[in-house]
């Protein structure tokens with residue numbers, strides 16, 4: 001995410017009440033990106049009136065505003081449906097589902113994340129199991145699984161590292177994205193053999209899956225008497 005552009009977009013929305021199109025033109029970014037960044041920024045009555053008057057027609061502004069409200073409500077209902085599906089699935093006593101959700105609870109990216117599944121680890125068995133969870137439980141196609149490596153070039157070549165992880169995960173080169181290069185030597189000057197092939201991150205851009213997992217984690221927490229902090233579900 002373009003953090004600086006997002007920060008500036010929010011600032012322009014709050015202080016000047018600019019439209020999404022105006023902000024996109026100023027920052028040279030897409031209207032879709034701006035819409036996502038400022039969707040939760042409230043406007044004052046005066047700012048709404050300015051946008052209303054600046055629209056080509058009042059009907060256009062009214063239609064857009066009404067459409068935004070409808071879309072927000074629609075997604076909110078979808079989100080609730082996906083969360084509930086996760087809770088229901090958690091009661092099925094499916095071990096692969098349980099293991100996959102618990103792995104994500106421990107190692108998955110949850111902070112500020114509502115629309116994608118992101119899982120990172122250096123353990124090949126754990127990564128393989130999580131991919132199996134995605135493919136068997138959610139029927140995710142291989143082509144939809146994105147692989148990014150944090151590679152240590154002083155141990156093995158990038159090509160060898162990529163081949164290793166793709167073979168482990170049962171994926172092909174179409175899943176690969178640009179790797180991050182690091183040089184790793186531990187505090188006593190020895191190469192850490194456990195990180196010989198670096199760390200692997202897999203990403204799947206599916207809002208329904210991540211919300212399903214959040215719902216399932218919440219339900220599993222109740223089933224096993226554990227505790228989970230409030231998860232920031234998207235609105």
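Table for the structure above
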quantity: Segment 14-41, residues that are crowded, with 18+ Cβ neighbours inside 10 Å and either touching a strand residue (DSSP E or B) at 6+ places or on another chain (Cβ under 8 Å) or modelled with pLDDT under 85 (or both); calculated: 17, 18, 19
quantity: Search result, residues across segment 133-159 that are surrounded by 13 or more Cβ atoms within 10 Å (Cβ to Cβ), in a helix (DSSP H, G or I) and in contact (Cβ under 8 Å) with a residue 12 or more places away in the chain; calculated: 133, 134, 136, 137, 142, 144, 158
quantity: Residue 130 vs. criteria in contact with a strand residue (DSSP E or B) (Cβ under 6 Å, 6 or more places away or on another chain), in a helix (DSSP H, G or I) and surrounded by 13 or more Cβ atoms within 10 Å (Cβ to Cβ); calculated: yes
quantity: Condition met for residue 183 (surrounded by fewer than 18 Cβ atoms within 10 Å (Cβ to Cβ) and at pLDDT below 65); calculated: yes
quantity: Flag if residue 178 is part of a helix (DSSP H, G or I), at pLDDT 75 or above, in the same structural domain as residue 89 (by TED's automatic domain parsing) and exposed (fewer than 12 other Cβ atoms within 10 Å of the Cβ); calculated: no
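The values are calculated or read from the model by the stated rules, or taken from the named source; none is laboratory data. Remember, predicted model here, so these are calculated numbers, not experimental data. Glycine also receives a Cβ, built like all others from the backbone with ideal geometry; neighbour counts cover every protein chain displayed.
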